[in-house]
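The values are calculated or read from the model by the stated rules, or taken from the named source; none is laboratory data. None of the values given here were measured: they were computed from a predicted structure. Quick reminder, even Gly has a Cβ in these numbers, built from the backbone with ideal geometry, and neighbours come from all protein chains shown.
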Amino acid sequence: MSRHDFGKECSVKVNRRTFIKGCTMAAAAMGLSEAMVPKLVEAAASDQRPPVIWLHFQECTGCTETLLRASHPDIGRLILDIISLDYHETVMAAAGHQAEEVLQETINKYQGKFICVVEGGIPTKDDGIYCKIAGRTAMDILADVAPKSMAVIAIGTCATFGGIQAADPNPTGAVGVRDLVKGTPVINISGCPPNPISFLGTVLHLLTFGKPPRTDALGRPLFAYGRKIHDQCERRAHFDEGRFAEQFGDEGHKQGYCLYKVGCKGPGTFANCPAVRFNDVGSWPVGQGHGCIGCTEPQFWDTMTPFYERLPGVDMPWGDGIVTGANSAGIKILGVTAAAVGIHAAVGIGKKIIGCGRCNTSSEDQE
Amino acid sequence: MRYEQHYAWSILLRLFHWSFALSIVVLVVTGFYIHFPWTNTLIEGETSFPVATMRYIHFIAGFVFTGAILARLYLLVFGNKQERFWDFLPVTPRNISNMFHTAKLYLYFTEEHRPRIGHNVLAGIIYIITFIMALIQMLAGFYMLYPESAAWQKWGLFFLGSQQQGRHLHFLIMWYFIIFAVAHIYIVIWNDIKTREGLISSIFNGTKYISSDNP
């Protein structure tokens, strides 16, 4: 790589080709026609596009990391290029009072026009004192910022459903954004972390159509969370036929068989992971040999654990899967055949040995 | 007319016949569904497995079919006189003459019926062809059921070709069995009406009635 290329690689700016590529990827993820791509591009390049305020509460910054540190920097750069990020504690240059001034200024200037992104759960116990920024509780900040935005995007399972903070016994009384924000649309980009494409698609949808994408009952966009992992999984055939990894590292695991018996929660989880995948290289947990942990679902820390035990109540075709079932039935059928033939042979030999008179005069032998 | 009772078919042969017949019916019905899964749905996320279920039933019926073939293979050599293959193949002068005579009878060139306790030779030839067809069908079936097994791959590639060729042959031979079943049932009824030997009931109780006036 020449010095010139290296400089390009480090640039935050996105060239037009990458920009259009990114918009096309997001259009594909949302299931939009390619005819819509120019509209997305126009909306995303518009000078009047809404600014974004990114609030961090009880979180690990993993969702931000996922956006910024994709193996190939395109998506991260694209997001930074498309959205005008006015306030984001992790990546902004300003700090302290300066940062808070920017926040207030954006809220006042763009009232009803900016997008509010929330990362992290919001503690509500004891008046929310367990998470404070600039002397204000997370509850106060959210109550101040969210109603003034055009829409709230809750990114990550903490912001959507409380995440690990909300796991039993939930000592800080953590909740998701939807439990607190009423009257402003809240779009849940669930996942731990969620796929950056799902976030990008939602942002582009807001920019292009001025309204949130269609969502399921839990507020998650249908284009990304409309289908079960299990129904799109590359290992699904092994489930139907009854070929499973019984434990990690066994022959079935090496053969790439279904991970349901080692705890995959795909049959109970809605997300686009098998279709969209991660890190621009087509990888995702099940592809790597690890079951889904159900991270896009509410209270997954409580309902999807233990992670390595099978999810109960999942119907398998014919109990064990069809090929495994047919194999065991086949062995029994062939066993019965062998027994029938054996009895026939034994009776024949027995008759010869005994030489019984009645048999010799039977019509069978007269012919 | 006097009739003599003759024991023709052993219990094992009758079991073979009915497990073979029933498995073919099930295999054809489920096989057509696998060929063209006509029940369609837009419902997602529900646990119903129509294709998997049909395939499962198909595989089970395939094992019954296999068991039946193996039992018949044994009886071809170790069965009673009527069940052994040299009794109904044109390998003796008597059998060759029976073959031509049966052909004439079926073509209405003659009215004379020459009774046999076992199969007539024309039928026997068809049964052996059916048996060979069944072996090919079984090989093609297992070739597709265990596509990754080295053993089935070896036999399948040698006799049938690629998976797709095996699949094609499996489909064509199904039609052989459908045509065979129709012809078989027609000729059995025809014979039962024409010759009054209790032919149809013999496959339930094993006994045939041969006129003692007619050697």
- prompt: Would you say B:I203 is hydrophobic (A, V, I, L, M, F, W, C) and in contact with a His (Cβ under 8 Å, 6 or more places away or on another chain)?
  reply: yes
query: Scanning segment A:223-262 for residues that are of a type in the set (A, V, I, L, M) and within 13 Å of chain B (Cβ to nearest Cβ), which turns out farthest from A:I197 (Cα to Cα)?
result: A:A237
field: Residue count for segment A:307-355, restricted to those that are charged (D, E, K, R) and in contact with a helix residue (DSSP H, G or I) (Cβ under 8 Å, 6 or more places away or on another chain)
entry: 3
- request: Note down all Cβ pairs under 9 Å where the first residue falls in segment A:317-341 and is basic (K, R), the second is assigned to a helix (DSSP H, G or I), and they're at least six residues apart or on different chains.
  value: A:K332/B:F63
- request: Select the helices (runs of 4 or more DSSP H) contained entirely in segment A:9-126, then report the ones holding at least 3 residues which are at pLDDT below 85 and hydrophobic (A, V, I, L, M, F, W, C).
  value: A:16-30, A:37-45, A:74-82
- prompt: In this structure, is A:P306 more than 26 Å from A:G249 (Cα to Cα), more than 14 Å from chain B (Cβ to nearest Cβ) and in a loop (DSSP other than H, G, I, E, B)?
  reply: no
field: Check on A:A340, more than 10 Å from chain B (Cβ to nearest Cβ), more than 19 Å from B:Y56 (Cα to Cα) and modelled with pLDDT of 90 or more
entry: no
task: Determine the pairs where a residue that is more than 19 Å from B:T102 (Cβ to Cβ), located within segment B:189-207, has a partner that is among the hydrophobic types (A, V, I, L, M, F, W, C) with Cβ atoms under 6 Å apart, the partner being 6 or more residues away or on another chain.
output: B:G206/B:W9
field: helices (runs of 4 or more DSSP H) contained in segment B:77-189 and holding at least 1 residues under 14 Å from the mean Cα position of the chain (by Cα)
entry: B:121-145
statement: Here the qualifying pairs (Cβ atoms under 6 Å; residues six or more apart or on different chains; first in segment A:152-175 and on the phi > 0 side of the Ramachandran plot; second of a type in the set (S, T, Y)) come out as A:G163/A:T157; A:G173/A:T124
task: Could you check, for segment B:116-123, whether at least one of its residues is surrounded by 18 or more Cβ atoms within 10 Å (Cβ to Cβ), more than 10 Å from chain A (Cβ to nearest Cβ), in contact (Cβ under 8 Å) with a residue 40 or more places away in the chain and in contact with a Lys or Arg (Cβ under 9 Å, 6 or more places away or on another chain)?
output: no
- prompt: From A:G287, A:G321, which residue is within 14 Å of another protein chain (Cβ to nearest Cβ), of a type outside the set (D, E, K, R) and within 20 Å of A:Q247 (Cα to Cα)?
  reply: A:G321
Of the criteria (1) closer than 30 Å to B:G166 by Cα; (2) within 14 Å of chain A (Cβ to nearest Cβ); (3) out of contact with any Asp or Glu (no Cβ under 7 Å at 6 or more places or on another chain), which one B:T39 fails: (2)
field: Extreme residue, modelled with the highest pLDDT, among residues of segment B:46-61 that are within 9 Å of another protein chain (Cβ to nearest Cβ) and outside any helix (DSSP H, G or I)
entry: B:F49
message: Quick check on my filter: what residues within segment A:278-308 are in contact with a Ser or Thr (Cβ under 8 Å, 6 or more places away or on another chain), on the phi > 0 side of the Ramachandran plot and surrounded by fewer than 16 Cβ atoms within 10 Å (Cβ to Cβ)?
response: A:N279, A:D280
- request: Can you give me the number of residues within segment A:281-306 that are in contact with a helix residue (DSSP H, G or I) (Cβ under 8 Å, 6 or more places away or on another chain) and of a type in the set (D, E)?
  value: 1
task: Tell me which residues, restricted to segment B:33-63, are in contact with a helix residue (DSSP H, G or I) (Cβ under 7 Å, 6 or more places away or on another chain), aromatic (F, W, Y) and either surrounded by fewer than 11 Cβ atoms within 10 Å (Cβ to Cβ) or within 19 Å of B:A140 (Cα to Cα) (or both).
output: B:Y33, B:Y56, B:F59, B:F63
task: Could you check, for segment A:187-207, whether at least one of its residues is surrounded by fewer than 24 Cβ atoms within 10 Å (Cβ to Cβ), among the polar types (S, T, N, Q), farther than 18 Å from A:G121 by Cβ and in contact (Cβ under 8 Å) with a residue 12 or more places away in the chain?
output: no
message: Being among the aromatic types (F, W, Y) and in contact with an Asp or Glu (Cβ under 9 Å, 6 or more places away or on another chain) is the filter here; which residues of segment A:208-230 pass it?
response: A:Y225
